[in-house]
1. Restricting the search to the stretch B:39-55, which residues are basic (Lys, Arg) and surrounded by 13 or more Cβ atoms within 10 Å (Cβ to Cβ)?
2. When the residues of the stretch B:219-253 are filtered to those that are over 12 Å from A:ASP216 (Cα atoms) and among the small types (Gly, Ala, Ser), which remaining residue is farthest from the other protein chains (Cβ to nearest Cβ)?
3. Do we find a residue being more than 19 Å from B:ALA268 (Cα to Cα), in a strand (DSSP E or B) and without any contact (Cβ under 8 Å) to a residue 24 or more places away in the chain anywhere in the stretch B:34-51?
4. What about A:ILE182, is it of a type in the set (Val, Ile, Thr) and more than 24 Å from the chain's Cα centre (by Cα)?
5. Determine whether the stretch A:63-71 contains at least one residue that is open to solvent by less than 40 Å² (accessible area, probe 1.4 Å) and more than 14 Å from chain B (Cβ to nearest Cβ).
6. Just give me the residues in the stretch A:133-155 being within 11 Å of chain B (Cβ to nearest Cβ), crowded, with 16+ Cβ neighbours inside 10 Å and of a type in the set (Gly, Ala, Ser), in sequence order.
7. Tell me which residues, restricted to the stretch B:220-234, are touching a Lys or Arg at 6+ places or on another chain (Cβ under 8 Å) and modelled with pLDDT of 95 or more.
8. Which pairs have Cβ atoms under 6 Å, sit 6 or more apart or on different chains, and link a residue in the stretch A:193-204 that is within 13 Å of chain B (Cβ to nearest Cβ) and farther than 14 Å from A:GLY178 by Cβ to one that is modelled with pLDDT of 95 or more and in a helix (DSSP H, G or I)?
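The values are calculated or read from the model by the stated rules, or taken from the named source; none is laboratory data. Given the structure is predicted, the values throughout are model-derived calculations rather than measurements. Every residue, glycine as well, gets a Cβ built from its backbone with ideal geometry; the counts of neighbours run over all protein chains shown. Just so you know, the surface numbers come from the protein's heavy atoms only, side chains and all, with ligands and any DNA or RNA stripped out. Shrake-Rupley method; radii C 1.70, N 1.55, O 1.52, S 1.80 Å.
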Protein chains: 2
Amino acid sequence: MRLGIDLMGGDYAPAEAIKGVEQALVESDLSDVHLVLIGDESRIKDHASFDLNSSRLSIVHTDEMIEMAEHPTRAVSQKRNSSISLGLKLLAEGALDAFASAGNTGAMMVGSLYTVKAIEGVIRPSLSTLVPKVSGGTGLMLDVGANADVKPEAMVQFAKLGSLYAQHVLKIDNPKVGLLSIGHEREKGNLLTQAVYPLLEDNRSINFIGNIEGRDIFQDSCDVIVCDGFTGNVVLKTCEGFFYQLKKRGVEDEFLDRFNFKDYGGTAILGVNKPVVIGHGISKSSTFVNMIRLSKRLVQSRLIEKIKSSLI
Amino acid sequence: MRLGIDLMGGDYAPAEAIKGVEQALVESDLSDVHLVLIGDESRIKDHASFDLNSSRLSIVHTDEMIEMAEHPTRAVSQKRNSSISLGLKLLAEGALDAFASAGNTGAMMVGSLYTVKAIEGVIRPSLSTLVPKVSGGTGLMLDVGANADVKPEAMVQFAKLGSLYAQHVLKIDNPKVGLLSIGHEREKGNLLTQAVYPLLEDNRSINFIGNIEGRDIFQDSCDVIVCDGFTGNVVLKTCEGFFYQLKKRGVEDEFLDRFNFKDYGGTAILGVNKPVVIGHGISKSSTFVNMIRLSKRLVQSRLIEKIKSSLI
């Protein structure tokens, strides 16, 4: 299994990415993966305090990179040799089994659509985030920013994509799908959720439990939370803000700590033809290890094949 | 000043409402208000452990009430003698200077529109919520649920209504207005925020600072947060959920405690002709005291006259 990692992406690149690679090499559950490091070879050599000649590593050199603040579409079309563009190209060609980056999220999204492409039948690929549950479990929320304005049919696909992810990657049996709204009653919500509700209800391939509210997000009542990308992104960042402020004030709590997005293994772009993993810009070395781990799980779970066959 | 209180509204009515009245009667800053208690006289007498013959109290009897789960429009049109309908009628007639209830929010909203009516020129009255800031201050977010789908022009009015509230009730000079979105850049957001941004920018009567993200909500960068009622309600309830879970886990923190919506004095419906205050369904006695206090501040601040003159 060949997993590509963008060493130039993220606020602390390449140092933290390289540290992450070093840690991944000694993790026993990752002993069967080959890591393809995409980035500036001399900078990688400068930072690496381990043997880069290992048979478990390859380096694909490029000194071009997409900055965090660059305009995604422009950057992807102009910087064909950037670490993100190169990684996605290798992935599309089959030279990689998965590709992960903590770089510019928009560029990863746009680049994936251009290069790896949406699975046939998928209206809009989606970005998801893991949601810590008070019980100790983990749910999934999507979309969280790839699609600010969404058509009802695309929302139904989010429910489907999220359910398959929850089932095959998070290993949740018959995952419960909730529609994020402003009241539990079916008629509550905005025009979009009111249009989506009956479509979800009629869809036999998912386990729809109805509307959920903001305060239900952390509860076990629902595994997959479906929303438009505007609402999802605002909720995600509100939680991040809450977490950040409370940690800054010294609050110690196990549940709260699970909102530390630095420790997340990133998130998959759901609905494209290959496993693509996006990490948070502020990723530290442990995040990179988790991104590699998620890449492996995505390949092993054969999630993309399962999405493809479910859309036939 | 005659302030009306619905004694039948809220999950713990009438007991907590009556306890709140008892507390309000001994608060020195409320010594100049006359309280009009609207509800079932015999139940009020059963619960009250203080002198109901005080010259500072009147009782308006009704044994009809709107339940928390009732359909707002139906309830308001059918239950003309409910405590909510009666309170709003007295307010519209001028027999009250303000009216507060912790009952069915939808019914309060619909009833206010039918009876007290929107101020001429106001497209859609709005529900707001106070937002605790880490610095210790308080901001305002609106809309938080009255308008799930909003036109750009109505969002601009929310900014205006919120600014006037922040200035005259919260006493914030030249309040900074932020548009809740999914990126700070002006082109980020959904179709609605993209349409609203230039309108806010062109509006000389408010102090627009641009887009803010979910993680900025608790910061001082912005005093008035403008959003559609769907997004605002989801954010509000997500914060409530976060607060509730952390308190349940025993987390003690001063900033966190300020998210205790039970201690809030409710929120005004902005854009109607008279001061109407809505309390949270789970209001306890202290909330009722604060609702009375907010009612008084709304009357004293002459907010409604200020809104009217700003719309001329």
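1. Result: B:ARG43, single match.
2. B:SER221
3. Looking for residues that are more than 19 Å from B:ALA268 (Cα to Cα), in a strand (DSSP E or B) and without any contact (Cβ under 8 Å) to a residue 24 or more places away in the chain, one finds none in the stretch B:34-51, hence no.
4. yes
5. yes
6. Selection gives A:GLY145, A:ALA146, A:ALA148.
7. Correct list: B:CYS222, B:ASP223, B:VAL224.
8. Partner pairs satisfying both residue conditions: A:ALA195/A:PRO152.
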